[in-house]
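Notes to accompany the following structure.
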Amino acid sequence: MTLLLERPATGTRPLPVAPPALLGMPGIPDLSLIAASPDLRGLRRRGLLTGGLGVAGALLLGACGDGETTPDAAAQEPGERTVQTDKGEVTVPAEPSRVVCADYFGAFAVVDLGLVPVGVSGGGYDTTGQTYAPKLADVPIVGDWTEPDVEKISGAEPDLILRTIDTPDELYEQLSRIAPTVVISFQQLSLLEVTSRIGDVLGRVPQADELLTRYRDRTAEIQQTHQAVLDEYTFTFVQVASDTTFWTLGPKWTDTTVLVDSGLRLAEPAASQPEPTQEYSFEQIGVLESTGVLLVPSGPDGVTPAPDNVALTDTALWQQLPAVQAGQVYPILSGAASLGTGLELVERIDVVLTELATAS
């Protein structure tokens, strides 16, 4: 399963949302929920990468590297390693300590492995929750969500630059003049693969292995502990798409992969939808009637419903759904961009399943 990068919606943890142009590609926490962050209002309707930013078009052209070895890779010195990237082999410090994340998504994966970046991109890190906000809130911003400021990156004096989305050659060459630049597009990877690849790049394989083991053990524990509830209910994760439409999130959506790893069974039609998201008008809300439990995006606390939900949840049609009338609607964190953020979602799932068991 591939990673679907998700841009933060108002009230949700400011993690990525995937635009329609990327949703058909293998993986990215989905940029299509660019929903309601005030500074992103002009890019609403999932247009961040399709039309809003100058680097957007090039991002879609650079999905795979050309496989060629960079000049730096041939000049390896003691204390350096060669790693495989989307742009070919790159020589990096054996243990990088001053990493700049030249787009939004990489910062979470870097923190997961015990390293705080010296530069990050985008914004809103002060509301990313107890795990990430204390580490990222005060880190200098070196660019917007996808397009870095080369001068600011240079001023951060990095020993490694990390790009986690497709990167045009011209930008890659500019960044490579500053420091070894690693491009590993999360668009092509699952959350587990993200951890493994970044662990290798940062020289932190043991930390990556520990995180992978923790995720696998925790999701297995959820399944074992809550088997009766998991056998009883089906689930659909629903998000507002516009003022008059909503999405069901399918098995290829990043957050949904975490739900499935935890043993949740998706209801139809979400379970069978081929794309990460399927858009419906509010008048088509009947597609949710067979769902046992409805999941909606939460605020940063993981419990309070995100404000954007009300466009859908305040409608009379929503109130008539069987799951709503049974009181089986639960806010959950959305926007898993790394395995650590995925684990935060797993903990929320544990709470939801415990509440369902108590109510049964």
Among Leu312, Leu339, which is the only one that is under 30 Å from Val111 (Cα atoms) and modelled with pLDDT of 95 or more?
Leu339
Tell me, yes or no, whether the range 190-199 has at least one residue that is in contact (Cβ under 8 Å) with a residue 40 or more places away in the chain and not in a helix (DSSP H, G or I).
yes
Being at pLDDT below 95, among the hydroxyl-bearing types (Ser, Thr, Tyr) and within 23 Å of Leu115 (Cα to Cα) is true for just one of Ser190, Ser196. Which residue is that?
Ser190
Residues Leu288, Leu339, Leu264, Leu321: which one is of a type in the set (A, V, I, L, M, F, W, C) and closer than 15 Å to Gln239 by Cα?
Leu288
One residue is enough: does the range 304-324 have a residue meeting the conditions surrounded by 22 or more Cβ atoms within 10 Å (Cβ to Cβ) and within 18 Å of Asp231 (Cα to Cα)?
yes
Take the residues in the range 208-246 that are outside any helix (DSSP H, G or I) and open to solvent by less than 10 Å² (accessible area, probe 1.4 Å); name whichever of them is farthest from Asp314 (Cα to Cα).
Phe235
What number of residues within the range 325-360 satisfy the criterion of being open to solvent by 60 Å² or more (accessible area, probe 1.4 Å), in a helix (DSSP H, G or I) and polar (S, T, N, Q)?
3
Just the residues that are of a type in the set (Gly, Ala, Ser), open to solvent by 10 Å² or more (accessible area, probe 1.4 Å) and under 20 Å from the mean Cα position of the chain (by Cα), please, taken from the range 117-172.
Gly122, Gly123, Gly124, Gly129, Ala133, Ala137, Gly143
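The values are calculated or read from the model by the stated rules, or taken from the named source; none is laboratory data. Here the structure is a predicted model, which is why all the values come from computation and not from measurement. A quick note on method: Cβ atoms are made from the backbone with ideal geometry, for glycine too, and the neighbour counts reach across all protein chains shown. Surface accessibility is based on the protein's heavy atoms, side chains included, excluding ligands, DNA and RNA. Shrake-Rupley method; radii C 1.70, N 1.55, O 1.52, S 1.80 Å.
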